[in-house]
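Single-structure report; data block below.
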Amino acid sequence: LSHHHAADLAGKMSVLSHIIGPDAQVRKALDKVRNSTLVEDKRGGLADLVNLAKTEPVAASTSFNVIVPMLSSQRDDGEMIRSILETILTCLSSSAHLTEAGHSGETLPHAFSKEQQYISTLLDLLEERDWSVL
């Protein structure tokens, strides 16, 4: 392959990855979480994000700022809160493992701990629910 053909192929592979790769899967799951009217569809989107965050760093970092604010907006739905917390935990764990593996940058756990609102919301939720019945 010539240099021109190799560059063209690389560009096409990048576009293809954007359409069907991890970024596309994360966008699709986030779209389900944000825009679904049925609770089951939102939970399905969260489950997709949990699975993606386990293997794809982009899922953890991209979804985190969408998922955490849902703690406040969905606080009356115990099952939804459980799904959101599971997603947050997976994102935080995934980010911590990346740091241990030598990836640089601020970790999600560090960013989360700096946001007083996130911590307050989480503590309020933990105090107001009997989590053993969910």
- Message: Considering only residues that are free of Cβ contacts under 8 Å to residues at least 12 places away in the same chain and under 21 Å from residue 24 (Cα atoms), which ones fall in region 56-91?
- Response: 65
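Could you list, in sequence order, the residues of region 95-125 that are β-branched (Val, Ile, Thr) and at pLDDT below 75?
Scanning region 95-125 gives 99, 107.
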- Query: Tell me, which helices (runs of 4 or more DSSP H) wholly within region 20-94 include 2 or more residues that are over 24 Å from residue 123 (Cβ atoms), open to solvent by 20 Å² or more (accessible area, probe 1.4 Å) and modelled with pLDDT under 90?
  - Reply: 22-35, 39-55, 57-67
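The values are calculated or read from the model by the stated rules, or taken from the named source; none is laboratory data. In this text, all values refer to a predicted model and were calculated from it rather than measured experimentally. Using ideal geometry, Cβ is built from the backbone for each residue, glycine included, and neighbour counts are taken over all protein chains shown. For the accessible areas, the whole protein counts, side chains as well, though only heavy atoms, and no ligand, DNA or RNA atoms are used. Shrake-Rupley method; radii C 1.70, N 1.55, O 1.52, S 1.80 Å.
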